[in-house]
Amino acid sequence: MGLGGSGVDGADGKLVRRILGGETHAYGKLVDRYVERFGEYATSLCRDADIAADAMQEAFIRAYDRLSTLKDPDQFGAWFFRILTNQCHNHRDRRRSYVPLDTVAVSGGRTPDQDLTAAEAKRAIDAALDRLTPDLRETFVLREIEGRPYSEIAALQDTGEAALRKRVERAKEIVRAALEEDA
Amino acid sequence: MTEHDDTRYERMLAAYRDGLRPPGDEVRQRVMTELAGRRQGAAERAWWRWFVQPHTVRVRPMLAAAALVIVVGLSASVSQLLVDGNGAAIPDGTVLVQFELEFPQAETVALAGSFNDWNDSATQFTRHEGSGVWSVTIPLPPGRHEYLFVVNGEQWVPDPRAHAAVDDGFGNLNSMIVVGPRGVVRS
């Protein structure tokens, strides 16, 4: 799926201008578009779809309230991505303090031959993501979990591709080490 | 890094992706409901402000007489509307209300309002054969409803025959209709 690059953002800019021109109901189209585009990213950062829904709701409301401050309406995607990411980090931090111990306890004795359930993988990956800094976590999710191209991630994070590749390698080392300890 | 590590890493990520569940349509609904609530609140404040603020009224006898004739005519129209069934009550307490728009150039026309969370595609008009007139009839509960027509999926236009227009809280106007228990009420 493409991201906030020029093609899609052209359509975003048209919508943003309509909203700023008074067609406030057109905001629903932007919401639909970015729930689809960033929904899985938000879930990964927040650990949970329900928490991600809360974070996305807050991000969309904040974006709406600040829409008139957006200098280039064609860049709504990348701009909203930053707002959403901040909300996701806030919600993830809040959530962490409520997670019961039994859901983060590490279970051992797994072998590659055993079938992994999604729940087991979720527990292990969530714990590994906790070891990453926010920047590394964002990049790791975008690249390794969602498989987005480096060019798209570079546009989203306003970072060069070479730096992103190093960031991904560093994140993979940390995640691999966490999974190895968990095994 | 061993082959075992790589395999486990890839299998873990694959299983994690399989179980990933993104938020659904509830986000749109929650966001648009919150924004609609703000509009409603702002409109209601404007609505009630009109009643509590003083107004200067200038009366010209000839115009007052003409206005009286119009009011009588409107009352007759409302009575006719109820008899014709355009606003006939249906069993569950809602009232059938017909919305109509003449827009020959339109490809599609939809109705979005406070009664359908301002959904711009849920309530589609039907074009009258051989004319540029579009209409749709929907049940509405008694009360005050704000709405707009959505032409060709993107152009939001007020109802030129609306009973009233109210501030949407953002400097624009929504059309408004008042539905009473026995039919449409002219405001």
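Here, each number is a calculation from the coordinates, and none is a lab measurement. Everything quoted here is computed from the prediction, not taken from an experiment. Every residue, glycine as well, gets a Cβ built from its backbone with ideal geometry; the counts of neighbours run over all protein chains shown.
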Could you give each residue of the range A:43-49 its phi-based ³J(HN,Hα) in whole Hz, using Karplus coefficients 6.51, -1.76, 1.60 with θ = phi - 60°, and x for Gly or Pro? 5, 5, 5, 8, 5, 8, 5
If the cut-off is a Cα-Cα distance under 27 Å, which lysines reach A:Lys122, setting aside same-chain residues fewer than 8 apart in sequence? A:Lys166, A:Lys172
Quote the relative contact order of the range B:107-185 in percent (integer), defining contacts as alpha-carbon pairs under 8 Å separated by 6+ residues. 27 percent
So, R0 is 41 Å and r is the distance between the beta-carbons of B:Ala14 and B:Asp167; what FRET efficiency does that work out to, to 0.05? 0.15
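Taking 0.36 nm per residue of sequence separation and subtracting the Cα-Cα distance, how much length would be gained by fully extending the chain between A:Asn90 and A:Ala11, in nm to one decimal?
25.5 nm is the gain from fully extending A:Asn90 to A:Ala11.
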In whole Hz, the Karplus estimates of ³J(HN,Hα) for the range A:121-132 (6.51, -1.76, 1.60; θ = phi - 60°; x where Gly or Pro) are 5, 4, 4, 5, 5, 4, 5, 5, 4, 5, 7, 8
In nm, to one decimal, how far is the B:Ala122 label point from the B:Val157 one, both placed 7 Å along Cα→Cβ? 2.4 nm
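Can you give the convex hull volume per residue for the Cα atoms of the range B:92-187, as a whole number of Å³?
Details: hull volume 9.9 nm³, N = 96.
Per residue, the Cα convex hull of the range B:92-187 comes to 103 Å³.
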Sequence-distant or interchain residues sharing an amide H contact under 5 Å with B:Thr123, placed H: which? B:Leu111
Pairwise label distance in nanometres, B:Gln29 with A:Ser151, each label 7 Å out on the Cα-Cβ vector: 3.9 nm
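Neighbour counts of other C-beta atoms within 10 Å: give me B:Asp120, A:Asp12 arranged from fewest to most. Mind showing how you got there, number by number?
Details: B:Asp120 20, A:Asp12 23.
Starting with the residue having the fewest Cβ neighbours, the order is B:Asp120, A:Asp12.
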For a quick check: sort A:Phe81, A:Phe38 by the number of other beta carbons within 10 angstrom, fewest at the front. A:Phe81, A:Phe38
